[in-house]
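I have placed the structure first, in the form of structure tokens, so that the comments after it can refer back to it.
The values are calculated or read from the model by the stated rules, or taken from the named source; none is laboratory data. As the structure is a computational prediction, the values presented were derived from the model and not from experiment. Note: ideal-geometry Cβ built from the backbone for every residue, glycine included; neighbour counts use all protein chains shown. Protein only, heavy atoms only, side chains kept; ligands, DNA and RNA dropped before computing areas. Shrake-Rupley method; radii C 1.70, N 1.55, O 1.52, S 1.80 Å.
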Amino acid sequence: MRYNLNLTVRVKQFKFREKVNSNKAERYRGYRAMSNMLRRFSSEEYKLPFFLEEGFIRRRCPICREYFWTQNSYQETCGESTSDGCACYSFLGNPPTSKKYNLSEMREAFLSFFEKQNHARIKPYPVVARWRDDIYLTHASIIDFQPYVTDGIVPPPANPLVIAQPCIRLVDISNTGPTFGRHLTIFEMGGHHAFNYPDKEVYWKDETVRYHHEFMTEVLGIKSEDITYKESFWVGGGNAGPDVESIVGGLEVGTLVFMQYKLLKNDFIKLPIRTVDTGYGLDRLAWLSQGVPSCFHAIYGKVLDKIFAMAKLEEIDDKMLFSIARHSGLVTIDKKADRLITRNKVAERVGVEVEKLEKILGPIENAFAITDHTKCLSFMLSEGIVPSNIKEGYLARMIFRRTYRLLQNLDMESEKLYEIFELQNDFWSKDYPHIKEKKEEIIDMIRVEEEKYKDTIKRGKGKVERIIDDILTKKKRRFPSNKLSELYGSHGITPETVKQIANQKGIEVKIPADFYSSIANTHVCSEKQEKKELISNIEKSKVEKLSATNLIFYDDAYIKEFEAKILSIIRNKYVILDRTAFYPEGGGQPADQGFLLLNSEKIEVVDVQKIGNVVLHKIKGSIKAKNGSMVKGILDWKKRYALMKAHTATHLINGAARRVLGDHVWQHGAQKGANISRIDITHYRRLTPSEIHKIEKLANKAIYEEIEIKTSFMNRNQAESLYGFRLYQGGSVPGETIRVVKTGDWDIEACGGTHLKNTREMGFVKIIYTERIQDGVERIGYSTGLKALENIQKNEKLLWKVSEILESSVDKLDKTAARIVKELKIANSDKRKLIKELVEKEN
């Protein structure tokens, strides 16, 4: 079923929010029109038996104009504390729960409750979404199961299931701090999920709300009449559906989504699988249960106290702090509502001057944000993100640099930053042991990143001053806002640094309140590489109707010749066979080449590509044959075997680099070649000669150990359960079944390439060169077998030539070169003295 919304402009305008399902206050403005349109055919979506049985009344909030369900006949507004001003927080100092919970206790209460309701407890997925090719970070629990489970490609790991998923949502970075914890860059989402198939109904809307209400009332002890359910419509990760949002004491604590549509452009297409997608804010629920001024107080406790002490923050009267906190829900910083506007709202409600409020809150908000950001970075770096200028590394660098500036705003010494990371590591490693294991790597990466940032500021000062000089020449006094984004994006210079330099010269700089959120918006989704189009769309549609090509190189990578039947010939240029031993280009491995024998005719195969499940063989010249004709395929075996060695060597070097440099090493890219190959790895420093030799030595050790290489096709869930997400070294792999290449205990990856049976076949691997191709990415070039030997001999010849020129034996070349350089320096010094003496005599 397809519903056309005719909202193309709006859909495009809010395209990003569709992907990341940003915070609710932001969603409303974008989805209000969309939601109203959808209600034309879904007016009954929210009239659940539970609401009717329990005496809930449906009303419309006169302020935000959204519908809600309540058991209180006197409740006029939706009761949510947002920038619309529908309510303030009533739970502060007066928690509605029967007991107080910290985050760990709330997590366990949530998971245990749903386990008792026959939900299987699932371990949390990583915060780095390496199984996805469209996003970098896990920002909701449903991300773990999109798109493969929700689209019906892969069965869920359990059904129903419950999970407590750490999430990172950087679009909320500007609001982290000012909203007292309603927004966090890192938080835990409790999700209970049910996947309803046409032939198997698990549970749907009514039972979902009943489960939620029972947890809130029976487990947490919240009075039924204190819970409000607000109607909304959710869009995220390409899926959509109606939802109800749970509000207690002014705070939204859960979103219950009934995912039933797939979003394609501006169309909502009915999905065959209806998914219960719930998101319980476990951090918010802990805050709710404690009734403390901020979510930061509830989550971080003594860690926050120590950070406040480091920052030497003045103590604030509890009455004033609680009064400000109750109205913090009014704060939402975005393009339409900047810091000053929202601060005015709070000041008016609290009854203090804006300047005084700013003086009170500024340092506190900075400390809140530092606390949040250092936890966020700890999780990101512990999972192998290396700060850089690209992809997820760009996001990590953004958080670090913002944290560093906030530290300076509070006049805190930079060494305090490392104390804070130590605190975070000790605090969170109790629940997430992997963070403790990566403690040294995290601290080391932060130190390197600090030095890089200092160098950036030093180099960037001149760029900023040149722009300022141009502004002064034009007799202007304001720094252009578009230059702030340009300086940050191209040179890594933060707007705060620009402001500091500009103010010294009397130039005004207005930093957009949502600057960092906007930066995150443009980088949170991964860029998809465009594939070269071999054939037209019409031809492509014909190809996709053909039977999948039988890839016999997966049955036997050593097959050199085969017979096959021609299924189709396109443009007398591309031959499609029913089976093939020719490997199509992919995963950094070039396509095989060779010949097709048709009767007595020998036709050269120059390229092999894959469209969907069909392999196309590009030929040189033309072919005279009909569909159904039999041909014999002959591979260029010398090239294929060299590529098999190169591909296996890639896995060995990757494994060796991880052992030498640390677990932060991930494959960033690779290109195999018959002569020289390369692998790009993430690393925060330049490789040293010692590290290069260690990597090379370990890779050769793996060769000499004659490790057997096993390949197998496995169910995705089974493979991930057995081997974890380190499988996706080469990037995300689509489909229910993935091919796993296991090189003993040395390396394991999801990989579609051709490999050797045993590492001994490689003979030898030699690293030829290394280079830094971009910040945070090191390239390692290498050769295998005889080609590796040829490169060694090439270098030996060069050494012999230098030895002959310098008249020195090879083993003494270093000392000879050092002596010659020293003598040259002395000679140059004597020359300068002589020239100086001659000039003085002439004068």
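Within the stretch 68-87, the residues that satisfy the criterion of being more than 16 Å from Ile222 (Cβ to Cβ) and surrounded by fewer than 18 Cβ atoms within 10 Å (Cβ to Cβ) are Ser73, Tyr74, Glu76, Gly85. As a summary of the residue check, Val464 satisfies the conditions (1) modelled with pLDDT of 85 or more; (2) in contact with a Ser or Thr (Cβ under 8 Å, 6 or more places away or on another chain); (3) not hydroxyl-bearing (Ser, Thr, Tyr) except for the one numbered (1). The strands (runs of 3 or more DSSP E) falling completely within the stretch 562-652 that include 1 or more residues that are open to solvent by 30 Å² or more (accessible area, probe 1.4 Å) and in contact with a Phe, Trp or Tyr (Cβ under 7 Å, 6 or more places away or on another chain) map to 601-611, 614-619, 630-635. For the stretch 665-704, how many residues are touching a Gly at 6+ places or on another chain (Cβ under 8 Å), closer than 27 Å to Gln593 by Cα and not polar (S, T, N, Q)? Adding up the residues that qualify gives 7.
On the stretch given as the stretch 357-391, residues that are part of a helix (DSSP H, G or I) and open to solvent by 40 Å² or more (accessible area, probe 1.4 Å) total 4.
Within this structure, Leu304 fails the test of being open to solvent by 10 Å² or more (accessible area, probe 1.4 Å), aliphatic (A, V, I, L, M) and farther than 25 Å from Glu76 by Cα.
Do the conditions hold for Glu749, that is, is it in contact with a His (Cβ under 6 Å, 6 or more places away or on another chain) and in a strand (DSSP E or B)? The answer is no for Glu749. Do we find a residue being under 31 Å from the mean Cα position of the chain (by Cα) and either part of a helix (DSSP H, G or I) or at pLDDT 90 or above (or both) anywhere in the stretch 343-356? Within the stretch 343-356, none of the residues are under 31 Å from the mean Cα position of the chain (by Cα) and either part of a helix (DSSP H, G or I) or at pLDDT 90 or above (or both).
Scanning the stretch 169-206 for residues that are β-branched (Val, Ile, Thr), surrounded by fewer than 24 Cβ atoms within 10 Å (Cβ to Cβ) and modelled with pLDDT under 95 yields no hits at all. The set of residues from the stretch 693-705 being part of a helix (DSSP H, G or I) and open to solvent by 30 Å² or more (accessible area, probe 1.4 Å) comprises His693, Lys694, Lys697, Leu698, Lys701, Tyr704. Within the stretch 640-690, the residues that satisfy the criterion of being over 17 Å from Gly785 (Cβ atoms), in contact with a helix residue (DSSP H, G or I) (Cβ under 8 Å, 6 or more places away or on another chain) and of a type in the set (D, E, K, R) are Arg659, Asp663, Arg685. In the set Arg739, Arg685, only one residue is touching a residue at least 24 places away in the same chain (Cβ under 8 Å) and assigned to a loop (DSSP other than H, G, I, E, B); that residue is Arg685. Each residue in the stretch 773-787 was checked for being farther than 30 Å from Ser388 by Cα and surrounded by fewer than 17 Cβ atoms within 10 Å (Cβ to Cβ), and 1 of them qualify.
Just to confirm my filter: which helices (runs of 4 or more DSSP H) fall fully inside the stretch 423-505 and include at least 3 residues that are surrounded by fewer than 17 Cβ atoms within 10 Å (Cβ to Cβ)? Step through it out loud before you land on a result.
Working: elements: 433-437, 439-473, 481-491, 495-503.
Result: 433-437, 439-473, 481-491.
Looking only at the stretch 124-134, how many residues end up being open to solvent by 10 Å² or more (accessible area, probe 1.4 Å) and either in a helix (DSSP H, G or I) or not basic (Lys, Arg) (or both)? First the steps, then the outcome.
First, the residues of the stretch 124-134 that are open to solvent by 10 Å² or more (accessible area, probe 1.4 Å): 124-126, 130, 132-134.
Then keep just the ones that are either in a helix (DSSP H, G or I) or not basic (Lys, Arg) (or both); that gives 124-126, 133-134.
Adding up the residues that qualify gives 5.
Condition check ((1) part of a helix (DSSP H, G or I); (2) free of Cβ contacts under 8 Å to residues at least 24 places away in the same chain; (3) under 31 Å from the mean Cα position of the chain (by Cα)) across all residues:
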| site | (1), (2), (3) |
| --- | --- |
| His212 | yes, no, yes |
| Glu218 | yes, yes, no |
| Val253 | no, no, yes |
| Gly279 | no, no, yes |
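Residue check: Lys416 meets all listed conditions (1) surrounded by fewer than 22 Cβ atoms within 10 Å (Cβ to Cβ); (2) in a loop (DSSP other than H, G, I, E, B) but one, namely (2).
The rows are residues; the columns are (1) of a type in the set (S, T, N, Q); (2) more than 23 Å from Glu105 (Cβ to Cβ).
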site: Gln290; (1), (2): yes, no
site: His297; (1), (2): no, no
site: Gly301; (1), (2): no, no
site: Asp317; (1), (2): no, yes
site: Gly329; (1), (2): no, yes
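Entry remark, the stretch 105-159: residues being touching a Pro at 6+ places or on another chain (Cβ under 7 Å), farther than 20 Å from Ala240 by Cα and of a type in the set (A, V, I, L, M, F, W, C) number 2 in total. Checking every residue in the stretch 108-123 against the condition of being more than 30 Å from Lys319 (Cα to Cα), in a loop (DSSP other than H, G, I, E, B) and within 29 Å of the chain's Cα centre (by Cα) gives at least one match.
Inspect all residues belonging to the stretch 81-104 and state whether any of them is in a helix (DSSP H, G or I), under 35 Å from the mean Cα position of the chain (by Cα) and at pLDDT 95 or above. Lay out the reasoning, then the answer.
Residues of the stretch 81-104 in a helix (DSSP H, G or I): 103-104.
So of that shortlist, the ones also under 35 Å from the mean Cα position of the chain (by Cα) come out as 103-104.
Still in the list and also at pLDDT 95 or above: 103-104.
Checked the stretch 81-104: at least one residue is in a helix (DSSP H, G or I), under 35 Å from the mean Cα position of the chain (by Cα) and at pLDDT 95 or above.
Taken together, the criteria place Lys841 among residues that are of a type outside the set (A, V, I, L, M, F, W, C), farther than 26 Å from Ile692 by Cβ and part of a helix (DSSP H, G or I). Among residues of the stretch 571-597 that are without any contact (Cβ under 8 Å) to a residue 24 or more places away in the chain, those with a Cβ under 6 angstrom from a residue that is of a type in the set (Val, Ile, Thr) and open to solvent by less than 10 Å² (accessible area, probe 1.4 Å), sequence gap 6+ or separate chain, pair up as Ala591/Val608.
Residue by residue through the stretch 752-786, note down the ones that are outside any strand (DSSP E or B), charged (D, E, K, R) and over 24 Å from Met445 (Cβ atoms). Lys757, Arg760, Glu761, listed by residue number.
Within the stretch 537-561, being assigned to a loop (DSSP other than H, G, I, E, B) and acidic (Asp, Glu) holds for Asp555, Asp556. Scan the stretch 257-284 for residues that are open to solvent by less than 10 Å² (accessible area, probe 1.4 Å), of a type in the set (A, V, I, L, M, F, W, C) and either touching a Gly at 6+ places or on another chain (Cβ under 8 Å) or under 15 Å from Lys205 (Cβ atoms) (or both) and the total you get is 6. Looking only at residues in the stretch 788-819 that are over 52 Å from the mean Cα position of the chain (by Cα) and open to solvent by less than 80 Å² (accessible area, probe 1.4 Å), which one is farthest from Phe764 (Cα to Cα)? Once the filter is applied, the top-ranked residue is Leu806. Take Asn409 and tell me if it is touching a residue at least 24 places away in the same chain (Cβ under 8 Å), under 19 Å from the mean Cα position of the chain (by Cα) and open to solvent by 10 Å² or more (accessible area, probe 1.4 Å). Taking the combined requirement at face value, the residue does not satisfy it.
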